[in-house]
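Report on one structure; see the data block that follows.
The values are calculated or read from the model by the stated rules, or taken from the named source; none is laboratory data. Every value quoted in this text rests on a predicted model; they were computed, and no experiment measured them. Here the Cβ is made from the backbone with ideal geometry for all residues, glycine too, and neighbour counts use every protein chain on show.
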Amino acid sequence: MAAKTGKKERGEVAHPVRSRGSVALARQAKTEEEIAARLGISRASVGHYRTGRRNPGKAARTKLADLGIAEEWWDQPPAPRPNTPADSSPKAPANAKLSGPIAVQALYLQDELNLILGELKNDDAATPTERLKVINACAGILKQIGHLTGELTNISEERVLKLPAWRNIQQAITETLTPWPEALRAMGIKLEELGAE
């Protein structure tokens with residue numbers, strides 16, 4: 001492994017930019033190891049070519065042409081995906097029920113999720129596998145939003161009855177229903193039933 005010297009290695013791109021060739025290589029239904037073994041190049045080189053970090057030289061381009069990747073594709077931008085709407089990124093819904101720091105976090109995550117999905121839709125160079133990875137990451141963000149907003153939380157009545165906040169609510173109900181003993185007794189019985197379930 002070469003030491004990091006701050007210099008670009010031969011063929012390495014300072015800021016990776018996907019080419020039509022790198023996208024075509026990434027879309028091959030083979031692992032990097034399989035491609036490397038078939039072409040007689042290193043697995044690391046295949047990985048660099050797939051991501052656009054490095055461009056293959058003449059000899060490697062000739063070998064990669066055996067996979068149906070034209071040599072000139074390495075110098076061309078990726079072909080646009082068909083039927084990509086100009087701006088079809090989802091918008092964050094306004095959630096008036098949320099307030100405070102949790103709402104800020106949830107709205108921030110919604111905005112980030114919308115930004116990521118918008119970029120993904122407009123990234124013509126992303127392969128199906130890369131898209132799947134991003135979508136899986138977005139699912140994790142959605143899960144966090146669900147936890148922050150309470151939309152994903154499924155709390156049983158038994159758990160609610162054990163929460164410290166419930167004791168304050170129970171005390172308020174008891175004080176309110178004290179003038180009506182039968183209602184107070186009926187509420188107590190119903191709450192015991194919920195706690196036993």
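For the residues 33, 12, the requirement of being in contact with a Lys or Arg (Cβ under 9 Å, 6 or more places away or on another chain), over 30 Å from residue 142 (Cβ atoms) and modelled with pLDDT under 90 singles out 12. Residue count for segment 47-82, restricted to those that are free of Cβ contacts under 8 Å to residues at least 12 places away in the same chain and under 23 Å from residue 121 (Cβ atoms): 1. Pairs linking a residue in segment 154-177 that is touching a residue at least 24 places away in the same chain (Cβ under 8 Å) to a residue that is charged (D, E, K, R) and loosely packed, with under 12 Cβ neighbours inside 10 Å, with Cβ atoms under 7 Å and 6 or more positions apart or on different chains, are 157/197; 158/197.
Count of segment 129-153 residues, restricted to those that are in contact (Cβ under 8 Å) with a residue 60 or more places away in the chain and either more than 14 Å from the chain's Cα centre (by Cα) or surrounded by 13 or more Cβ atoms within 10 Å (Cβ to Cβ) (or both), is 1.
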